[in-house]
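Notes to accompany the following structure.
The values are calculated or read from the model by the stated rules, or taken from the named source; none is laboratory data. In this text the structure is predicted, and so the values were computed from the model without any measurement. Here Cβ is always computed from backbone atoms with ideal geometry, including for glycine, and neighbour counts include all displayed protein chains.
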Amino acid sequence: MLTSNEPFAEPFKHGTALDGVLVIPRVVPMFSIRRLIFAAAALLWAAPAWAQFQPTVTLVPLEQNQKEISLADIDPETQVAVRLQWTSTHNTFQTYNYEVTYEAADVETSDAQTVIVEEVDSADDPSGTSISGRTYTIYMLPSMMLPAEADPNRGGTGQDKTDYQIVVNVFRAGSPFDTTSSANQVWQFQYDTLAPAQPTVTSTIPGEDRVLVAWSPPTERSDDVFQYQVVYCPQVEATFTSTIALPCPADEQKTKTAGKTVTEIFIEDGLVNGVPAAVAVRAVDEFGNQGVLSPVVTATPLAVTDFYEHYRAQGGMEDGGFCFVATAAYGSYAHPVVRVLRAFRDQVLARSALGRTLTWAYYRAAPPVAQALAGSPWAPLARVLLVLVGLVALAIMILPAVALGLFAWRVLRRVRAGLVGAAALALVALAASPAQAERPESTLGTLGLAFEFKAGPYLPTMANAGQANQAFAQLLGSNPVPAFRMAGEVQLYRGFGTAGVGGSIGYMRYAGKGLYTASNEESLDTTALNILPFTLEGVYRFDYLAEHTWFPLVPYVKAGLAYSVWWSTNGKGNISRIEGAAPDGGDLVARGGKFGLTGTLGISLLLNTFEPHAAHALFNSTGIRGTYLFAELQASKVDSFDSEGFDLSDLAWNAGLMLEF
């Protein structure tokens, strides 16, 4: 019997250790200890099962494209089963069942009506019993997932976009509504089985081998439209008058799509001038549901005369072509480059023995090469190479004039200490001020670079209303258009001014409406003339005063060669072509190039003078040593040296910005 006031503490207090084992005196019967140990072990053994009493469900949709169900998806002939995979983990010592439901969510009340999906096919376990850890695949037809009123195949009228979700619910047998023994996962989707309403074709306007179709949106549920489809039969009998259905089979119908805000579009695939086409329009929603076709109308394309065709019809002689090759390769003895090369032969090569030898060798070797190039795919490359030869030849021919100019320039240099120098000193004296431009030295050493960005009006001489051929003025107008140009310059000399060579490229476009060939009335087809001017010029800038004084104005002059590439387009945006009109019986293609000369007088304002500190900071960060605003007058004579055809000459002004490095 225990008499201590601390009955449990005393035995532990007097416990002894034998061979490292703690010996606890016996204070309770042995059978009670055994029961306690057995109960603890049972609890430890049962704990994992209790932890898994409530199942977990993992749901994976295998058909992501079925997240949106449309009319096409529930078509009995084409519908494909939706597949879902799910896995549940639960107490393996309990029996669990599963069910598949869908819920129609009510956004306003957040309530949902749960309905069991019938006839769900599961190849893994059709009995509906869930085994822990097994992965199941469920197959459901889209039509099973929708209420009857949403399925026209079951007598429904269709429904607009609605949010739904599929639910896999796993629960312990006998207690499906016990939240402590069930779990679920959902897969959300939407359906829309109500097609958009019917639009109406309002007009059809003919073009060349195409028709402009215009329509009005549906009067009902217009916000349900995602895009429009213009469906047409390209060629039908002239006697066709039906408005109910298109007369050609579905596989022969053409379709062109337009955005939801578009109400007119050109159709052209398969259309032919003078042959009617049958046309209808339908609306399509974002689920791909196609509405009913509008009443069918007919429209007939008509021939349209574009700018180049009108120009040739008035007697224009421009044959096109890029003037890049000699006669045999290009087919015209009168082309400008051919004439340049002939002049080079007669005025340069013929005056020396070496030149005559080169000419003899050329005429021995050229005929076979020219014959091989005629119609060859290598002809464009030959044209590009020969234009460079023509430019070099022209440069050589003008070398005497250049040499004379250089000699005169050297004479002026030597006398600059006289009149020119005196004038400069006078200006320096008048300009005595600390506020000088003081441009930094170029980071390129003895060379310098400059880049210009400029724009101004441009109107070629051929646009003048007084020209014998008035096609340009009649179709494209006689008003200037903006000409945007970029120019680059390499400065080879810096001393009493700056001299170098440069080049530029620009772009301008004239557009107007073509004429119906039969009636000569204006059509909706747009015809255009595009011009891409190039220049190669010598440049001199008198920047001596701006370099050494406060005087910020820099006059300059440019002169050199010009070459303008042009091309004319028809209503479809394609390059115009006149079949069989070329001298050799081929097609005339409305594209080519014109050589010429160009000269420019201008004056620029050096901005460094006004903000020298900012200019130095800009130089340190970018290498720009000078910033200029400028205005110039540019005269160009671009008609391939008075040859027949287009005259792209012009006298125009430009203004822009120049950066000097």
Can ASP160 be described as in contact (Cβ under 8 Å) with a residue 24 or more places away in the chain, assigned by TED's automatic domain parsing to the domain that holds LEU293 and within 35 Å of the chain's Cα centre (by Cα)? no
Note on the range 468-494: residues without any contact (Cβ under 8 Å) to a residue 40 or more places away in the chain and out of contact with any Gly (no Cβ under 8 Å at 6 or more places or on another chain) are ALA473, SER478, ASN479, VAL481
Yes/no for SER222 being under 24 Å from ASP285 (Cα atoms), small (Gly, Ala, Ser), touching a strand residue (DSSP E or B) at 6+ places or on another chain (Cβ under 9 Å) and without any contact (Cβ under 8 Å) to a residue 40 or more places away in the chain | yes
The lone condition ALA195 fails out of (1) free of Cβ contacts under 8 Å to residues at least 60 places away in the same chain; (2) farther than 29 Å from GLU522 by Cβ; (3) of a type in the set (A, V, I, L, M, F, W, C) is (1)
Taking the range 294-319 and keeping only residues that are of a type in the set (Val, Ile, Thr) and buried (at least 24 other Cβ atoms within 10 Å of the Cβ), one is left with VAL304, THR305
Quick count over the range 287-314, residues being within 30 Å of PHE472 (Cα to Cα) and of a type outside the set (D, E, K, R), is 12
Taking the range 150-166 and keeping only residues that are among the hydroxyl-bearing types (Ser, Thr, Tyr) and either surrounded by 15 or more Cβ atoms within 10 Å (Cβ to Cβ) or at pLDDT below 85 (or both), one is left with THR162, TYR164
Filter the range 281-299 for residues that are touching a strand residue (DSSP E or B) at 6+ places or on another chain (Cβ under 6 Å) and in a loop (DSSP other than H, G, I, E, B); the one that is farthest from GLN227 (Cα to Cα) is VAL296
Among GLU537, GLU522, GLU547, the single one that is more than 35 Å from the chain's Cα centre (by Cα), in the same structural domain as THR627 (by TED's automatic domain parsing) and among the charged types (D, E, K, R) is GLU547
Taking the range 495-516 and keeping residues out of contact with any Gly (no Cβ under 8 Å at 6 or more places or on another chain) and either within 21 Å of PRO457 (Cα to Cα) or not small (Gly, Ala, Ser) (or both) leaves PHE496, ILE505, GLY506, TYR507, MET508, ARG509, ALA511, LYS513, LEU515, TYR516
Only unsatisfied item for GLU237, checking (1) of a type in the set (D, E, K, R); (2) in contact with a strand residue (DSSP E or B) (Cβ under 8 Å, 6 or more places away or on another chain); (3) at pLDDT below 95, is (2)
If we ask which residues in the range 214-265 are of a type in the set (Asp, Glu) and within 22 Å of LEU302 (Cα to Cα), their number turns out to be 2
So the strands (runs of 3 or more DSSP E) completely within the range 569-661 holding 1 or more residues that are under 34 Å from the mean Cα position of the chain (by Cα) and more than 22 Å from LEU529 (Cβ to Cβ) are 626-637, 650-660
Scanning the range 569-588 for residues that are surrounded by 15 or more Cβ atoms within 10 Å (Cβ to Cβ) and at positive phi gives none
Sole miss for GLY592 among (1) at pLDDT below 90; (2) closer than 30 Å to GLY316 by Cβ; (3) surrounded by fewer than 20 Cβ atoms within 10 Å (Cβ to Cβ) is condition (3)
The residue that is nearest to ASN153 (Cα to Cα), considering only those in the range 72-131 that are charged (D, E, K, R) and modelled with pLDDT of 80 or more, is ASP75
Over the range 278-292, the set of residues within 32 Å of the chain's Cα centre (by Cα), of a type in the set (A, V, I, L, M, F, W, C) and at pLDDT 95 or above is VAL279, ALA280, VAL281, ALA283, VAL284
When every residue in the range 595-606 that is within 26 Å of TYR628 (Cα to Cα) and either modelled with pLDDT under 90 or not aliphatic (A, V, I, L, M) (or both) is compared, the one surrounded by the fewest Cβ atoms within 10 Å (Cβ to Cβ) is GLY599
